[in-house]
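The values are calculated or read from the model by the stated rules, or taken from the named source; none is laboratory data. Since the model is a prediction, treat every value here as computed from it, not as a measurement. Positions of Cβ are backbone-derived with ideal geometry, glycine not excepted, and every protein chain shown enters the neighbour counts.
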Amino acid sequence: MCLAQIQALGLTAVSEAVPDVAFGPFQWDHADALLSWAQTRDDLLQWSGPHFTFPLDREQLSDYASSACNSRWLVSGIDTSTGAVVAHAELNILPDHHLGQIRRVAVAPSARGQRIGTSLMDWLVGFAFTELRLHRLELVVFSFNEPARRCYAAAGFVEEGYAHHARKGTDGSWDLVYMAVLAE
């Protein structure tokens, strides 16, 4: 399935737990939401790793959005009752290996704690395994980000390893946790 086919699918409601949120392709008019979520250098590092530089700006997001292709998809979560962007994720696909890499997962600060991240992960896992027929999904999360780790575990991801002192935040070194889930 190519990106054009995904875009043709439009937004898809994902769960009864969060019925007012739908997921679909990132659109340029979602950029303002992403820009507002990264208020500090650490916010940006936690969301994007070293991919972007602080402060995040429209030029960096434009380059990011324009580089999306059939093997790299950008997904937005939209609150269908308000039209607000409430989540974002990137799915990289390595089709020769039946592998997907989930990166740059974020939930709007005002929407955290409402199971939106869990719904996003459930949708990504289901889509990757059912529609794309991938065998494995993997991601990396900072060890201190307990809410994200719980969210990923709830979607079936298991911890596979650690990278100690992998990134430098303003409060010192940050450890990474590698997580993955296999298709059943």
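In the condition set (1) under 23 Å from ALA148 (Cβ atoms); (2) in contact with a strand residue (DSSP E or B) (Cβ under 6 Å, 6 or more places away or on another chain); (3) modelled with pLDDT under 95, GLU16 is compliant with all but (2).
Specify which of the listed residues (ARG149, ARG103, ARG133) is touching a residue at least 24 places away in the same chain (Cβ under 8 Å), among the basic types (Lys, Arg), out of contact with any Cys (no Cβ under 6 Å at 6 or more places or on another chain) and in a strand (DSSP E or B).
Details: ARG149 fails: in a strand (DSSP E or B); ARG133 fails: in a strand (DSSP E or B).
After ruling out the rest, the residue left standing is ARG103.
Restricted to the stretch 129-153, and to residues there that are farther than 20 Å from HIS98 by Cβ and among the aliphatic types (A, V, I, L, M), the residue that is surrounded by the most Cβ atoms within 10 Å (Cβ to Cβ) is VAL141. Collect the residues in the stretch 28-50 that are surrounded by 14 or more Cβ atoms within 10 Å (Cβ to Cβ), in a helix (DSSP H, G or I) and free of Cβ contacts under 8 Å to residues at least 60 places away in the same chain, keeping them in residue-number order. Passing the criteria: HIS30, ALA31, LEU35, ASP43, LEU44, TRP47, SER48. Taken over the stretch 154-179, the criterion of being surrounded by fewer than 13 Cβ atoms within 10 Å (Cβ to Cβ) and either assigned to a loop (DSSP other than H, G, I, E, B) or at pLDDT below 95 (or both) is satisfied by THR170, ASP171.
Of the residues making up the stretch 65-90, those that are over 26 Å from GLU184 (Cα atoms), small (Gly, Ala, Ser) and not in a strand (DSSP E or B) number 7. Quick one: is ILE93 more than 13 Å from the chain's Cα centre (by Cα), buried (at least 17 other Cβ atoms within 10 Å of the Cβ), modelled with pLDDT of 95 or more and outside any helix (DSSP H, G or I)? For ILE93, the condition - more than 13 Å from the chain's Cα centre (by Cα), buried (at least 17 other Cβ atoms within 10 Å of the Cβ), modelled with pLDDT of 95 or more and outside any helix (DSSP H, G or I) - is met.
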